[in-house]
Amino acid sequence: MKFFIDTANLDQISEAQSLGILDGVTTNPSLMAKEGITGEKNIIDHYKKICSIVDGDVSAEVISTDFEGMIKEGETLAALHPQIVVKLPMIKDGIKACKYFSDKGIRTNVTLVFSSGQALLAAKAGATYVSPFLGRLDDISTDGLHLISEIRHIYNNYGFETEILAASIRHTMHVIDCAKIGADVMTGPLSSITGLLKHPLTDIGLAKFLEDYKKGN
Ligand code: E4P
């Protein structure tokens, strides 16, 4: 299972990278705005900075909603760095753009996916990643994990190579449940990754080991 961090915060990206288990970064316009990164030039520079910190894939989202605009933006983004994956919204022109990029060998992440039908279309269009937003489904009393299972089942039926990128992860149990289902990738906040470290018995056990070591010295 690949671990992506879902943020545009450079300190958090560096912290996750320093753990040695980070496989990539996902961003979106809201995450950029949260860090105060606005304007095309600043956003482009920020993507370059993120690519210089991590070794893995960095999803960079287009703002256009029409085919021509997405192609122009996506080609500019893809040319920035080999790690860039062009993130496209799950709309009609997004699917057309996904097919265009996939035919050209440019990697894509189809985002804002909330149904298995949408995920099926993304796979048919040759998406590298499909991003079902499980947390946002949970927010409206709909089972987000069920969607991840359904997509896994459908992709397995046909051997689709599109990787399921479980997005909108909110906490560690989402990560574990997605791993059980067989999602290829998770993306979430730093806390959903570092939270996996925690167990009180580990802390108690370590304290005891250190205490006993000191007794013998
Ligand atoms: C995915 O790529 C999105 O950036 C993200 O996971 C959305 O998460 P949110 O629902 O917590 O905003």
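Scanning the range 47-65 for residues that are part of a helix (DSSP H, G or I) and either basic (K, R) or crowded, with 19+ Cβ neighbours inside 10 Å (or both) gives Y47, K48, K49, I50, C51. Whenever a residue of the range 54-81 is aromatic (F, W, Y), its partners that are modelled with pLDDT of 95 or more and part of a helix (DSSP H, G or I), lying with C-beta atoms within less than 8 angstrom and at least six residues away or across chains, give the pairs F67/D93; F67/K96; F67/A97; F67/Y100.
What do you reckon, is G135 touching a Ser or Thr at 6+ places or on another chain (Cβ under 6 Å), surrounded by fewer than 18 Cβ atoms within 10 Å (Cβ to Cβ) and at negative phi? So G135 fits the description; yes. Taking each residue of the range 186-210 that is over 18 Å from D23 (Cβ atoms) and at pLDDT 95 or above and looking for partners that are surrounded by 14 or more Cβ atoms within 10 Å (Cβ to Cβ) and among the hydrophobic types (A, V, I, L, M, F, W, C) with beta-carbon atoms closer than 8 Å, six or more apart or interchain, yields nothing. Among the conditions (1) surrounded by fewer than 18 Cβ atoms within 10 Å (Cβ to Cβ); (2) at positive phi, the only one that D143 does not satisfy is (2).
The condition of being over 30 Å from E75 (Cβ atoms), more than 20 Å from the chain's Cα centre (by Cα) and among the hydroxyl-bearing types (S, T, Y) holds for only one of S141, S191, that being S141. Among the residues of this structure, I84 counts as one that is of a type in the set (V, I, T), under 30 Å from S18 (Cα atoms) and modelled with pLDDT of 95 or more.
Based on what the data block shows, is E163 of a type in the set (D, E, K, R), surrounded by 14 or more Cβ atoms within 10 Å (Cβ to Cβ) and either under 26 Å from Q83 (Cβ atoms) or touching a Cys at 6+ places or on another chain (Cβ under 6 Å) (or both)?
Values: of a type in the set (D, E, K, R): yes; surrounded by 14 or more Cβ atoms within 10 Å (Cβ to Cβ): yes; either under 26 Å from Q83 (Cβ atoms) or touching a Cys at 6+ places or on another chain (Cβ under 6 Å) (or both): yes.
When the stated conditions are applied, E163 passes them.
If you check A166 against the conditions, is it aliphatic (A, V, I, L, M), at pLDDT 95 or above and more than 15 Å from the ligand (Cβ to nearest atom)? When the stated conditions are applied, A166 does not pass them. Among the residues of the range 77-105, the ones that are more than 11 Å from A60 (Cα to Cα) and of a type in the set (S, T, N, Q) come to 1 in all.
Of all residues in the range 1-33, those satisfying the criterion of being loosely packed, with under 13 Cβ neighbours inside 10 Å and within 13 Å of the ligand (Cβ to nearest atom) are S30, A33.
The values are calculated or read from the model by the stated rules, or taken from the named source; none is laboratory data. Everything numeric in this text was worked out from a predicted model, so none of it was measured. Counting neighbours? That spans all protein chains shown, and the Cβs are built from the backbone with ideal geometry, glycine included.
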